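Here's the structure, in structure tokens; my notes come after.
The values are calculated or read from the model by the stated rules, or taken from the named source; none is laboratory data. What you see is a predicted model; the values in this text were computed from it and never measured. Ideal geometry is used to build each Cβ from the backbone, glycine not excepted, and the neighbour counts take in all protein chains shown.
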Amino acid sequence: MVIPLARERARGTPDSLGRRAPADREPVVRVDGLSRRYGEVWALRDVSFEVGRGELLGVVGPDGAGKTTLIQSLCAILDPTAGRVAVGGLDSVADAARITATIGYVSQAYSLYGDLTVAENLQFFAEVRQVPPAEIARRRERLLRFSGLGGFLDRRAKHLSGGMQKKLALSCSIVHEPELVILDEPTLGVDPLSRRELWRMLDEFRAAGKTVIVATSYMDEAARCDRVLFLAGGRVVACDAPATFGTDLEAAFEAMQGPPRATAPIPFPRRPGSGDAIRVDGLTRRFGDFVAVDSATFGVAAGEIFGLLGPNGSGKSTLIRMLCGILPASAGVARVAGVDVTAAAESARARIGYMSQRFSLYLDLTVDENIAFFGAVYGLEPEALQTARDWIVAMAGLDGRGRTLVKTLSGALRQRLALGCAVLHHPDVLFLDEPTSGVDPASRAAFWRLIAAIADTGTAVLVTTHYLREAEACDRVAFIDAGRILAIDPPASLRARYGAATLEEAFLNAMGAPA
């Protein structure tokens, strides 16, 4: 499927949804022939588009497409190698300081001060943005209502959940009431309920006539935008209203990427045996008076893909750390690969694979050095390690990159390398903690094909995710909230139980989220 580049419409002509850009006003953002080079690598090539006042523009593209480079160019953080960027009529090079002082910007690594409270962060950013003292209290109260953070004024930012931190970062970025707010993957690592709340904030912001530009790897979010700009290889592939691309933006995105890469055959024989590879009975973890995991009880069969879904702070990562023997249990029993990890964690670790949210790699080592390190940890003989290494390189698309430092790889390549290192010893059980956070739809689909192939060899897979569309590929799913398991069933049964058309809707209903 080839989607032609949509020409930017002249201002004053209606688009496919009937919106009319003002013909007598300068666009809020104008990009003309923008190119940006890092050494010999072109991150952006000849990018041109405009953004009108009050418009919500989504920026999407595969890993390494140039999204963050584009966002930082719009924010006057990066200068063009060629071309020009104008924001509010100001030049991004000559007027960089005025632009950065005027706009609101939320980066992926949002700039909160962890040791300051919610109230102190809002006060600090208001003063830095030179909000008049008489205005600070009024704006703070409005932002607290806006974000739902009114009950957390005295909590330090580092102790907030991921979703709350994102809402606080957005609030701090708009405390000076900018006309333009630019966000780079604002819902990365955020649960569905918090994602919905963040988008309500953006919708309210736009309803006030403000302009919003947001980069996202979630196509359901892109579908909420007035227009979607697709980047690939640093170039604009298409820019138009979501309806132009059909009803399924995710399918359109994957089509733009071309045929999927073939999955390299898994080099492990199918493991004989059946029964539960994980068995959890009354597993509990307390931190002082706080109960992070409360009497969890469930089993995961050999070869099963089991999804663990819950909001930020629900206890998912704590539960996985206990099952890996990293964190001791306060009560209960957990058997993993036939070993009681609550009593003999070391005996189970050689039979477990674990991929954390940060991909569990050593960034200052090369690809080959990471593979060799994990091979040594798991005690692989040289011949078995070479077989595993050849498979990882083929599976991850790392041919010729054995001596490349991992920190220079794209997120999608790191993701596949981390998975390879987690399973090179053919574990009985594989734990994946938000393994697809921040990767594009095509890479996400390829990753799930790998998960299915690994499970087919008899490995039990326990996976957490905040993107519930991919959780539809699980054999069974558990909903967890405040440390307690609410329900365990196949996705179709959960949809039926909670009267929902999608698993995300079922999840929100289970959490008692308002419509």
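Structure summary
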item: Residue list for segment 476-501, restricted to those being β-branched (Val, Ile, Thr) and in a helix (DSSP H, G or I); result: none
item: Segment 57-73 residues that are assigned by TED's automatic domain parsing to the domain that holds residue 42 and more than 16 Å from residue 29 (Cβ to Cβ), paired with ones that are crowded, with 23+ Cβ neighbours inside 10 Å and basic (Lys, Arg) (beta carbon under 7 Å, 6 or more apart); result: 61/67
item: Which numbered condition residue 299 misses (of (1) in contact (Cβ under 8 Å) with a residue 40 or more places away in the chain; (2) in the same structural domain as residue 490 (by TED's automatic domain parsing); (3) touching a strand residue (DSSP E or B) at 6+ places or on another chain (Cβ under 6 Å)); result: (1)
item: Selected residue (criterion: nearest to residue 465 (Cα to Cα)) from residues of segment 414-450 that are free of Cβ contacts under 8 Å to residues at least 60 places away in the same chain and out of contact with any Ser or Thr (no Cβ under 6 Å at 6 or more places or on another chain); result: 436
item: Residue check for residue 387: outside the structural domain of residue 218 (by TED's automatic domain parsing), among the hydroxyl-bearing types (Ser, Thr, Tyr) and either on the phi > 0 side of the Ramachandran plot or surrounded by fewer than 17 Cβ atoms within 10 Å (Cβ to Cβ) (or both); result: yes
item: Residue check for residue 467: assigned by TED's automatic domain parsing to the domain that holds residue 355, among the aromatic types (Phe, Trp, Tyr) and within 20 Å of residue 185 (Cα to Cα); result: yes
item: Residues of segment 237-268 classified as part of a helix (DSSP H, G or I) and surrounded by fewer than 16 Cβ atoms within 10 Å (Cβ to Cβ), total; result: 2
item: Test: residue in segment 143-155 that is closer than 19 Å to residue 72 by Cβ, over 19 Å from the mean Cα position of the chain (by Cα), buried (at least 17 other Cβ atoms within 10 Å of the Cβ) and not aromatic (Phe, Trp, Tyr); result: no
item: Filter result for residue 134 (of a type in the set (Gly, Ala, Ser), under 30 Å from the mean Cα position of the chain (by Cα) and on the phi < 0 side of the Ramachandran plot); result: no
item: Answer residue from segment 101-147, given it is assigned to a loop (DSSP other than H, G, I, E, B) and within 18 Å of residue 202 (Cα to Cα) and is modelled with the lowest pLDDT among those; result: 110
item: Residues within segment 343-370 that are of a type in the set (S, T, N, Q), touching a residue at least 24 places away in the same chain (Cβ under 8 Å) and either farther than 17 Å from residue 398 by Cβ or assigned to a strand (DSSP E or B) (or both), tallied; result: 3
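Conditions (1) surrounded by fewer than 18 Cβ atoms within 10 Å (Cβ to Cβ); (2) outside the structural domain of residue 418 (by TED's automatic domain parsing); (3) at pLDDT 95 or above; (4) not basic (Lys, Arg), marked per residue:
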residue: 270; (1), (2), (3), (4): yes, yes, no, no
residue: 304; (1), (2), (3), (4): no, no, yes, yes
residue: 313; (1), (2), (3), (4): no, no, no, yes
residue: 331; (1), (2), (3), (4): yes, no, yes, yes
residue: 343; (1), (2), (3), (4): yes, no, no, yes
residue: 346; (1), (2), (3), (4): yes, no, no, yes
residue: 350; (1), (2), (3), (4): yes, no, no, yes
residue: 354; (1), (2), (3), (4): no, no, no, yes
